[in-house]
Each structure stands twice: as C-alpha cells, then as structure tokens.
Amino acid sequence: MEREIIKTLDGSTTIHLKEWDECYHSKHGAIQEAKHVFIKNGLSLFGNKPVSILEIGFGTGLNTFITFLEANQKQQNIDYVGVEAYPVDASEVLEMNYVTELGALEFDNIFEKMHKCEWNNKTEISTCFSLTKRKQFFDEIDDYEIFDLIYFDAFGYRVQPELWSTEIFQKMYNSLKPNGVLVTYAARGVVKRSMISVGFTVEKLAGPPGKREMFRATKST
Ligand SMILES: C[S@@+](CC[C@H](N)C(=O)[O-])C[C@H]1O[C@@H](n2cnc3c(N)ncnc32)[C@H](O)[C@@H]1O
C-alpha cells in the first residue's frame, strides 16, 4: 500500500496510507493524541507503581517512546510488549521527528535502540524500561492475566473492523490482570458494545484535540 510521511497539526509526523486514507496517528496531533489517550488516561492511573503494558500496534514507536520518557522521569518500572505484524521500515523511522518535537534529544539513542532491538526478545532499554517487540498478528495473542494496561491503537474501525471485534476484545480481556485497564482513541457505539459483551466496564472520556470522546475499559472483578 502506498505510504507518505505527513505532519500533523501539532508539528509531529505520522504515516499516511493513501489507499485507505488512514494515518498511524491523529491528523490533529500525533504527540498530543498519544499523551492524552495513553499517558493521561492510561499510564497515569498507576502512579509510580511498576506497570506491564501491552501495545496493540507498535508502529512508529511513538507511544513506546513517550511512555519511556514518562517512566524515566518518575523512575517507574515498565515492562512493555509491543505487538506488530508489519514493522515500519527503518527509512521511515528516520523521518519521524518525535525526538526533537518532544525535546528529548538526550534520549535519541533510546528511540534508536527501541527500533534496532531484536524482535521477539526482551531488551533492557534502560534500568527501568524493558521492551519486547513481538512480531505477531493481533488474533494470535493468547496471554493470560499478565498485563496491567493495554494501549489499543489499531487502525480505525472504518478500515479494519475485524480488529475491533468481540474475538479480539476477548483476547484483550484475557490478557489483562484483574482490574487491568484498556485505553483507546476510539469512541464508536459498536466498539463499546463489543467491549461490554466480553465483560469490560466502559467509560467514555473526553477525547484528544480534534476528537470529542474516547473509551477506557476496565476488567472489573
Ligand atoms: C494505528 S497504527 C499504530 C501506531 C503506533 N501505536 C505508533 O505509536 O506509531 C496500527 C498498527 O497496527 C499494525 N497492524 C495492522 N493490522 C495488524 C494485525 N492484524 N496484526 C498486527 N499488527 C497489525 C499496523 O502495521 C500498524 O503499525
């Protein structure tokens, strides 16, 4: 599929898939979206406690890098698993401007390490952050109660409805520990119904810039 690198409204880059007219991040601001959906409404619920995270769609590594920056500041231990079936080309990664846009030049080597580390092996990215990039399809995930938090960042329902199905959310539910939390930028009724049908309690929260709402789902016990 033809791809192009574009700038989103907050100045940060993303990848645009022309055929689908779908981006890896919000056109209203890739960094703003990542901070709002995944950090403010997800990671921050855990304070300074150690957190194990599953990311659905490692993609450009933006969510992973922002999570590292947060954790590093708080010296919080993070065990991060990023699942991705179609890794982004190294040439495209080089065109992503996240390190400069986040004012994180001193961690340039960390962003590079996140991309260069081996697939399917746990890598100590820093003393408090370990990363396992799993080259895997989402429907192959079969973890059981090992994650505290899921960043559900698949492409939208409009282009990949099969990834927002009860089958996939059942896998997400199973992989979370009791009281675990899933956050996503999505806010469609059909998505909420799938989440509820597998047992999640779903909250509608204010969305990131350019989007009214988003969901947070909890594995209540
Ligand atoms: C919205 S993007 C993720 C953006 C990413 N979180 C980031 O920060 O750059 C969705 C990702 O899901 C991946 N993907 C699409 N279908 C998949 C599937 N069935 N299994 C695994 N990965 C898939 C895509 O290659 C893409 O990287």
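Bear in mind these aren't lab numbers, they're just calculated from the coordinates by the rules spelled out. From a predicted model like this one, the values you see are computed outputs, not experimental measurements. Virtual Cβ from ideal backbone geometry, glycine too; neighbours counted across all protein chains shown.
Within the chain, what's the longest stretch lacking trypsin sites (Lys or Arg not before Pro) that sit in DSSP loops with no more than 16 other Cβ atoms inside 10 Å?
Result for the longest clean stretch: 28-157.
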(request) From the C-alpha gyration tensor of region 94-221, pull out the three semi-axes of the equivalent ellipsoid (sqrt of 5λ each), sorted largest to smallest, in whole Å. (result) 28, 19, 14
(request) Output the antiparallel fraction of DSSP beta bridges having both residues in the chain, as a percent to the nearest 5. (result) 50 percent
(message) I need the GluC sites (Glu not before Pro) found in region 3-61, filtered to DSSP loop residues with at most 11 other beta carbons within 10 Å of theirs.
(response) E19
(request) Subtracting the Cα-Cα distance from 0.36 nm times the residue separation, let me have the gained length for T201 to N120 in nm, one decimal. (result) 26.0 nm
(request) Treating only the Cβ atoms of Lys and Arg (+1) and Asp and Glu (-1) as charged, compute the dipole magnitude of the chain about its Cα centre; round to the nearest 20 debye. (result) 840 debye
(message) Placing +1 on the Cβ of each Lys and Arg and -1 on the Cβ of each Asp and Glu in the chain, which of F58, N121, G210 has its Cα farthest towards the positive end of the resulting dipole?
(response) G210
(message) Springs between alpha-carbon pairs under 10 angstrom, Gaussian network model over the chain: which of A85, A71, A30 fluctuates most?
(response) A85
(request) Between E145 and Q170, take the C-beta separation as r, use R0 = 22 Å, and let me know the FRET efficiency to the nearest 0.05. (result) 0.95
(request) Using a 10 angstrom cutoff on alpha carbons, build the Gaussian network for the chain and name the most mobile of S165, S91, S194. (result) S91
(request) Could you tell me which of the pairs K7/K211; K135/K204; K35/K122; K7/K133; K7/K192; K49/K177 are separated by over 23 angstrom between their Cα atoms in the structure shown? (result) K135/K204; K35/K122; K7/K133; K7/K192
(message) Pick from D89, D143, D21 the residue whose mean-square fluctuation is largest in a GNM of the chain, springs joining Cα atoms under 10 Å.
(response) D21
(message) Tell me the volume per residue, in Å³, of the convex hull enclosing the alpha carbons of the chain.
(response) 111 Å³
